[in-house]
Amino acid sequence: MTRFYATTPIYYVNAEPHLGHAYTTIIGDAITRWHRLLGDDVKYLTGTDEHGLKIQQAADAANMGPQEFTDSIAPKFAEAWTRLNIANDDFIRTTEPRHKAAVTELLQRCYDAGDIELDTFAGKYCVPCEEYYTDDELGEGDLCPIHQRQVEYFEEENYFFRLSRFEDRLLDWYSKRPNAMIPEHRGNEVLGLIKSGLRDFSISRTSLEWGIPLPWDSKHVTYVWFDALTNYLSAVGFGDGTDEYKKWWPVDYHLIGKDIVRQHCVYWPAMLMSAGVELPKQWAIGGWLLSGGEKMSKTSGNVVNPLDLIDDIGLDGFRYYVLAETPYGSDGDFTYEGLVGRYNSDLANNLGNLMARVATVVGKMCDGIGTAPAGDSPLAEAAATAFAETAAQWGIAQPSRALEATWQLIRATNAHLETNEPWKSEPGPDVDAVMGDALEALRIVAILASPAMPETSQAIWERIGMTGNVIDQRLPAAAAWGQYAPGSTVIKGDALFPRIKL
Ligand code: MSP
């Protein structure tokens, strides 16, 4: 059995989860659900990033201790993921003992390798980014390029990770793995970053207490990124002597936003090289979800609560929108008009309409009992093409294109019904064959759409009379044409996706 380990970034707990966080988490959920359909042994990890100055400041502002504060926010992420039907296998918090143990182990290995050294640092720092910037990276008036807010001047004794030593090694490693970072244009940006020269980066603070102490010098606590990145190792028991780590490492996919590529695709592989740990297999780099033309973030004050959207449009309508609206890797603009427009066109008018039509005609013309698909149906080829393309696109972390491929089968099935107009014919073998084809197409659509819309797919599965769970089907076998079980009772039910008016 193939094993598949995928991760989301761990989210800062200075604020409650918003649509920007939900975006990456839903995409990772759908990709890992696809791998479960393929029969892979999956581990899907998400969690929260709880140390550092930004969190300390948020706790101070709330008049709480940092532990108490993070204990109050971390469960909100876990609850939001439950409500969004995220099937994560683990939820890591950087305040857990298992995480501290892994960070300590990784730090010690890099220190022993001679790649961590003490130095004095003076520089301009953006607290929301938890990152130093050089003058040429900053806008006029020392504005952070991401948050458009003034950076602060810091000077202190820090330990540094000697990233500058890794330039050639990183370029060499990536040159042998042209698909390590997808989509390609995002990977090229990273290679450009490395080629433009790498600066050593600070990994510790003495002015901060809210963090994990360095094992060889406890006056210092680990700077956020060394701490945060290691979560991917802690969750699989790095350094704890169990076999978990051997089973799951290296990770198959790190799903990350384009704002954190430097840390994930430059710092992280260098840290792992230093520590003698195998590097991740792939990074899938996403764009931003914008609101009013700006990145949705707490700092910009333009956040949308994903749970409100579920109330408006339904869970699967929302998940579908997030997955289908924008090709992964590009920025997408969130608007209510866009959300409702996509819901009405793809879900109400296409999928929902197909389900309602099939159930109505089978009810009237076939006594509500499903009929057999034709072996030589023109839809058989459409289904095979849809499956092949859907699989190819999920395989390269392109949910919007995967769903587009699945929707081709929905459109072909609607067109097949319109060409044959079974509702105008007399009941009989011709009608039975057309409806059998449509039921079979719906069976395959239910499977292929299940990573995006688990509940709706199960509802379709049951309405066409299939037994068991759609998510227990295994691909590619289950996508082969002709497996619909004739004689099953077909249920009409309420509209799957009632049209929504703006
Ligand atoms: N804690 C760090 C990540 C450490 S990972 C070892 C962090 N946290 S964050 O909460 O600020 O954002 C994490 C990720 O959330 C982003 O990289 C991105 O994947 C996702 N997003 C947050 N806002 C987003 C949008 N507006 N749009 C798309 N994704 C966004 O950075």
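What does the convex hull of the Cα atoms of the chain come to per residue, in Å³, rounded to a whole number?
Taking the convex hull of the Cα positions in the chain, it is 149 Å³ per residue.
Where Lys and Arg each count +1 and Asp and Glu each count -1, what net charge lies around K43 among other residues with Cβ under 12 Å from its Cβ?
On the way: positive: R3, R36, K247; negative: D40, D41, D89, D90, E244, D252.
Result for the local shell: -3.
In degrees between 0 and 90, to the nearest 10, how far off the longest principal axis of the chain does helix 66-83 point, with axes built from Cα atoms?
20 degrees
What longest region of the chain stays clear of GluC sites (Glu not before Pro) that DSSP places outside H, G, I, E and B and that have at most 16 other Cβ atoms within 10 Å? Mind showing how you got there, number by number?
Numbers: sites that count: E140, E209, E278.
The answer is 279-502.
With contacts defined as alpha carbon pairs under 8 Å and 6 or more residues apart, what's the relative contact order of segment 216-311 in percent?
About 22 percent, as a whole number.
Might you tell me the accessible area per residue for the chain, computed with a 1.4 Å probe and given in Å²?
On a per-residue basis, 39 Å².
Using just the helices of the chain, give the 222 nm mean residue ellipticity in deg cm²/dmol: DSSP H runs with n ≥ 4 each add -39,500 (n - 2.57), and the total is spread over all residues, rounded to 500.
-13500 deg cm²/dmol
Net charge around Y111, counting only other residues with Cβ within less than 12 Å of its Cβ (Lys, Arg = +1; Asp, Glu = -1)? Kindly include the intermediate steps, with their values, before the conclusion.
Values: positive: R109, R162; negative: E105, D112, D115, E117, D217.
With Lys, Arg at +1 and Asp, Glu at -1, the net is -3.
To make sure I understand the rule: partners must be aspartates and glutamates, Cα under 16 Å from the Cα of K247, and not fewer than 8 residues away in the same chain. Which ones qualify?
K247 reaches D40, D41, D89, D90, E278.
Against the longest alpha carbon principal axis of the chain, how many degrees, from 0 to 90 and to the nearest 10, is the axis of helix 429-449 turned?
Compared with the principal axis, the helix lies near 10 degrees.
Report, to one decimal in Å, the Kirkwood hydrodynamic radius for segment 337-479 based on all distinct Cα pairs. Display every interim value, and only then the final one.
Details: mean 1/r = 0.0651 Å⁻¹.
Evaluated over segment 337-479, this radius sits at 15.4 Å.
Rounded to a whole number, what % of the accessible area of the chain do carbon and sulfur atoms account for, probe 1.4 Å?
Taking all protein chains in place, the chain shows 49 percent carbon and sulfur surface.
Report, in degrees rounded to the nearest 10, the 0 to 90 angle that the Cα long axis of helix 399-420 makes with the longest principal axis of the chain.
So the helix axis and the longest Cα principal axis differ by about 10 degrees.
Please enumerate, by chain and number, the lysines with C-alpha under 26 Å from the C-alpha of K258, excluding those fewer than 8 residues away in the same chain.
Within reach: K43, K54, K76, K124, K176, K195, K281, K295, K298.
With both partners inside the chain, how many of the DSSP beta bridges are antiparallel, as a percent to the nearest 5? If you can, show how the numbers build up before the last one.
Numbers: 24 of 45 bridges.
Around 55 percent of the beta bridges assigned by DSSP in the chain are antiparallel ones.
Got a sec? Charge dipole of the chain, +1 on Cβ for Lys and Arg, -1 for Asp and Glu; which of F318, A122, A22 is way out at the positive end?
Toward the positive end, the furthest listed residue is F318.
Pairs of Cα atoms under 8 Å, at least six residues apart: use those to get the relative contact order of the chain, whole percent.
16 percent
Taking the Cβ of E244 as the centre, find all other residues whose Cβ is under 11 Å away and add up their charges (Lys, Arg: +1; Asp, Glu: -1).
Summing Lys/Arg as +1 and Asp/Glu as -1 gives +1.
Express the Stokes-Einstein translational diffusion coefficient of segment 383-424 in µm² s⁻¹, to the nearest whole number, given a Kirkwood radius over alpha-carbon pairs, 10 °C and a viscosity of 1.306 mPa s.
Working: Rh = 10.9 Å.
Translational D for this selection: 146 µm²/s.
The values are calculated or read from the model by the stated rules, or taken from the named source; none is laboratory data. These numbers were taken from a predicted model, which means no experiment stands behind them. Heads up, the Cβs are rebuilt from the backbone with ideal geometry, glycines too, and the neighbour counts pull from every protein chain shown. What goes into the accessible areas is simple: the full protein's heavy atoms, side chains included, and nothing from ligands, DNA or RNA. Shrake-Rupley method; radii C 1.70, N 1.55, O 1.52, S 1.80 Å.
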